[in-house]
Amino acid sequence: MKQLKKILVIVLALAMVLSLSACGAFETKMVKAAQKMSKAESFRMDMDMDMDMSLSLMGESLGIDANVEAKMDILTEPVKMGGNMTIDMMDEEIEFLFYLEQTDDGYTLYLSPDDGESWVRRDVEGVEAPEVSKTEQLGMLAKLAETFEEQGTEEIRGSAATVYKGIIPGADISAVIAESGALEQLAELQDSAEIDLSGLDFSNLSDIPATIAIDNKSGMISRYTMDMTDIMQDFMGSIMDVVLAQVAKESGMEGVDLAALGLTVEINKVEATVDLFDYDAVKTVEIPQAALEAKAA
């Protein structure tokens with residue numbers, strides 16, 4: 001069970017990477033939204049992600065639900081963000097504060113699991129911080145425009161927005177993961193998760209059904225949703241292949257197909273909703289002094 005939780009942490013981290021890597025008439029709106037958002041100096045983001053999966057082993061099945069909620073303030077240039085996250089998984093709730101700031105060599109992440117009483121700092125070098133407003137990345141959204149169709153109008157945070165529905169091709173997600181440094185970020189989890197992630201293969205991923213809502217007044221993206229069920233099944237399949245191979249090696253059972261034991265993981269639902277709002281309203285993100293003085297993990 002402890003190993004399973006470590007695997008789930010990796011899966012949730014993958015989903016977060018996708019969420020932070022944030023389309024006729026829509027093409028025009030999307031281009032304008034991309035142009036406006038590329039100039040935004042700050043914004044706020046609320047994320048809610050629900051996950052339902054099941055683990056089966058030798059005929060026995062275990063259902064697992066997880067929910068992740070995050071709220072954060074974000075400065076775009078240089079990247080600096082701070083907020084809080086709650087993970088409710090397997091009858092356990094984990095809450096923590098976090099800050100992230102871009103550095104010359106990569107970025108620094110600060111985490112507190114006890115409401116600021118103590119902090120852990122992690123310096124990640126050679127990997128770029130998430131480029132939340134980079135013009136070419138937002139331009140990729142415009143490129144996806146041709147796959148989206150208008151679905152109607154929805155009120156989001158008291159303002160009318162036009163909603164468009166389409167897909168994000170898995171090939172594009174694979175390219176984003178390869179170019180973003182996400183795999184290098186996941187490699188940082190190896191020590192704490194005790195799992196060698198070097199064998200993960202995300203080159204052939206499923207499409208992501210998605211919606212994008214563009215605020216009618218501001219012309220900015222106010223919400224997007226993603227159904228990541230299929231792509232997370234892809235992730236889990238790759239992770240399980242790596243884990244089973246590692247277990248076989250460490251137990252002296254190389255060449256034995258541990259999958260024959262009937263170990264399967266089914267992803268039944270992974271859905272994420274992200275609200276973007278208060279563009280240019282965040283003036284500063286102050287990292288607590290105690291976090292700045294924390295020892296690097």
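Miscellaneous remarks
- Calculated FRET efficiency, Ser159 to Asp65, Cβ-Cβ distance, R0 = 45 Å: about 0.90 to the nearest 0.05.
- A simple spin-label model places the labels of Asp123 and Ala281 3.6 nm from each other, with each point 7 Å out along Cα-to-Cβ.
- Rolling a 1.4 Å probe over the protein chains gives Val31 an accessible area of about 60 Å².
- Each residue of region 89-101 was assigned a 3J(HN,Hα) from its phi angle through the Karplus expression (A = 6.51, B = -1.76, C = 1.60, θ = phi - 60°), giving 9, 6, 6, 10, 10, 10, 10, 8, 8, 8, 9, 9, 9 Hz with x at Gly and Pro.
- Using only side-chain charges placed at the Cβ, +1 for Lys and Arg and -1 for Asp and Glu, the dipole size of region 70-125 relative to its Cα centre rounds to 220 debye.
- Summed side-chain charge close to Arg157 - residues other than Arg157 whose Cβ falls under 11 Å, Lys, Arg +1, Asp, Glu -1: -4
- Overall shape of region 66-127 was characterised from the C-alpha gyration tensor. The equivalent ellipsoid obtained from it has semi-axes of 24, 13, 11 Å, in decreasing order.
- Nearest-10 value in Å² for the accessible area of Lys29, using the 1.4 Å probe: 70 Å²
- When you count the other C-beta atoms within 10 angstrom of each residue and take the mean per peptide, 207-218, 104-115 line up highest first as 207-218, 104-115.
The values are calculated or read from the model by the stated rules, or taken from the named source; none is laboratory data. Note that this is a predicted model, so its numbers are computed, not measured. Neighbour counts are summed over all protein chains in view; Cβ atoms, including those assigned to glycine, are modelled from backbone coordinates with ideal geometry. Remember, those area values only see protein heavy atoms, side chains included, never the ligands or the DNA or RNA. Shrake-Rupley method; radii C 1.70, N 1.55, O 1.52, S 1.80 Å.
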